[in-house]
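The values are calculated or read from the model by the stated rules, or taken from the named source; none is laboratory data. Predicted, not measured: the structure shown is a model, and the values here were computed from it. Glycine gets a Cβ as well: all are built from the backbone with ideal geometry, and neighbour counts include every protein chain shown.
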Amino acid sequence: MKITAVSTHVVNAGLRNWVFVRVDTDQPGLHGWGEATLEWKTRAVCGGVDDLAPLLIGLDPRDIEQAYRTLTKHGFWRLGAVGMSAVSGIEMALWDIFGKSLGLPVWRLLGGKVRDRVPIYTHLGLGKQDDVYGSFAAGDVVERANEVVAQGYRALKVVFIPYTHITSTGAGLRQVEEAMGALRQAVGDEVEIMVDFHGRCGSWNAALDYARVLAPFRPMFIEEPLPPQDVAGLLALSRQCPVPIATGERLIGREEFEPIFAARAIQVAQPDICHTGGLLETKKIAAMAEQAGIGMAPHNPLGPIAGAAALHFAVSTPNFVIQEEMSGAVPWYGEVVQGPIRRVDGHWQIPETPGLGVEVDLAIAAQHPYQQEPFITRSATIGDGTLVDW
């Protein structure tokens, strides 16, 4: 079996352009799908796939480790988020081909089933951009959260930490305390709440101020309290933080997770299968995390193929905790890709279809061509006009 072609198909979903990657083989009707979505870098990722494709032509798609090494070593220049997203989309498609060739779901090839269903969570507004990033006031947060719970979710994530610089403010701390208190009262103790800091705090002590305010309301974890490169700050925060810390969506590959794991600076790792190199690399990261007593809650607010890959990962990974999903991002989410995801009582069910279990409807995909994603970062300023992380 040989790879004959690699192509990309872009589908605009509002906040994001989904980048679907197709790998064709010389076996009639046998092809695989992956996803390489990377916000605000769509054209760069598609170009990255085109640049990498010649390295794969003629290779056996089932030799996934060898293909990964070819993609990451034979281009000479090391790959960052753009290049590794391209690699990730290709790698997922190879697993899809492998599973289809054997008539088995990918989770069988990743070690088999370790759980009977997969716990999940989603965002306020079920993924709508304005609700996810614009719900700061307690009333708005509660209204959106009730909508999520009414849809059957048993866990949700909020992004209501104020835009912050080096220090926190009294007003900001009061806002967070009011929103979190109202949210916990509204959804009760049985619904898990995660708070995404989105890397907004410019120092570990500012992040600690917010964490102390949140602690009485028992968040499952706080996410990315600091920008991802600040390992020393993350370690300093972890020594005093009263709630579990999660991070990892902007870390690429094992080498970027290793110092955080070695320092035991977090309790939950959040690699994104679409960015860190694909399923095999993420399984290796999970093994490292397991050795350090760290759980896995993969990042995934992306498209349907990314969701399918996350499902197969979760089914087969012992230290998995919970999966992010955003299937409500657009009304036609389930139409453009026929996939294996079935949500019952706040959980994904175990798929049995071969490969990743996905197929793209190219006619529907063509109805949603590339558009420039909105740059919501322009609103990320503090009172004197200073730009900060959003």
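Here the condition is being modelled with pLDDT of 95 or more, touching a strand residue (DSSP E or B) at 6+ places or on another chain (Cβ under 9 Å), small (Gly, Ala, Ser) and more than 20 Å from Arg200 (Cβ to Cβ); of Ala155, Ala179, Ala186, it holds for Ala155 alone. Residue count for the stretch 355-390 under the criterion of being buried (at least 18 other Cβ atoms within 10 Å of the Cβ) and over 21 Å from the mean Cα position of the chain (by Cα): the result is 1.
With the structure loaded, tell me whether Gly112 is at positive phi, free of Cβ contacts under 8 Å to residues at least 60 places away in the same chain and surrounded by fewer than 23 Cβ atoms within 10 Å (Cβ to Cβ) or whether it fails that test.
Values: at positive phi: yes; free of Cβ contacts under 8 Å to residues at least 60 places away in the same chain: no; surrounded by fewer than 23 Cβ atoms within 10 Å (Cβ to Cβ): yes.
So Gly112 fails the test.
Within the stretch 64-82, can you find the residues that are part of a helix (DSSP H, G or I) and under 17 Å from the mean Cα position of the chain (by Cα)?
Those that are part of a helix (DSSP H, G or I) and under 17 Å from the mean Cα position of the chain (by Cα): Ala81, Val82.
For every residue, the table says whether it meets (1) within 25 Å of Arg69 (Cα to Cα); (2) part of a loop (DSSP other than H, G, I, E, B).
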residue: Ala265; (1), (2): no, yes
residue: Asp272; (1), (2): yes, yes
residue: Met288; (1), (2): yes, no
residue: Gly293; (1), (2): no, yes
residue: Gly307; (1), (2): yes, no
residue: Phe313; (1), (2): yes, no
residue: Pro318; (1), (2): no, yes
residue: Gly328; (1), (2): no, yes
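Of the residues in the stretch 63-77, none is crowded, with 21+ Cβ neighbours inside 10 Å, within 30 Å of Ala380 (Cβ to Cβ) and without any contact (Cβ under 8 Å) to a residue 60 or more places away in the chain. For the stretch 121-237, no helices (runs of 4 or more DSSP H) sit wholly inside it while including 3 or more residues that are more than 23 Å from the chain's Cα centre (by Cα), crowded, with 17+ Cβ neighbours inside 10 Å and in contact (Cβ under 8 Å) with a residue 60 or more places away in the chain.
When you check Leu279 against the structure, is it over 22 Å from Ala310 (Cα atoms) and surrounded by 24 or more Cβ atoms within 10 Å (Cβ to Cβ), yes or no?
Here the answer is no, as Leu279 does not meet what is asked.
Considering (1) within 21 Å of Leu311 (Cα to Cα); (2) in contact with a Leu (Cβ under 7 Å, 6 or more places away or on another chain); (3) not in a helix (DSSP H, G or I), the lone condition that Pro61 does not fulfil carries the number (1).
Total residues in the stretch 339-367 satisfying the condition of being within 16 Å of Ala306 (Cβ to Cβ) and in contact with a helix residue (DSSP H, G or I) (Cβ under 9 Å, 6 or more places away or on another chain): the figure is 11. The condition of being closer than 22 Å to Leu311 by Cα, outside the structural domain of Ser327 (by TED's automatic domain parsing) and among the small types (Gly, Ala, Ser) holds for only one of Ala67, Ala36, that being Ala36. Only residues that are among the small types (Gly, Ala, Ser), over 22 Å from Thr8 (Cα atoms) and under 12 Å from the mean Cα position of the chain (by Cα) were counted in the stretch 251-307, giving 2. Screening Lys100 on (1) in a helix (DSSP H, G or I); (2) surrounded by fewer than 21 Cβ atoms within 10 Å (Cβ to Cβ) shows it passes everything except condition (2).
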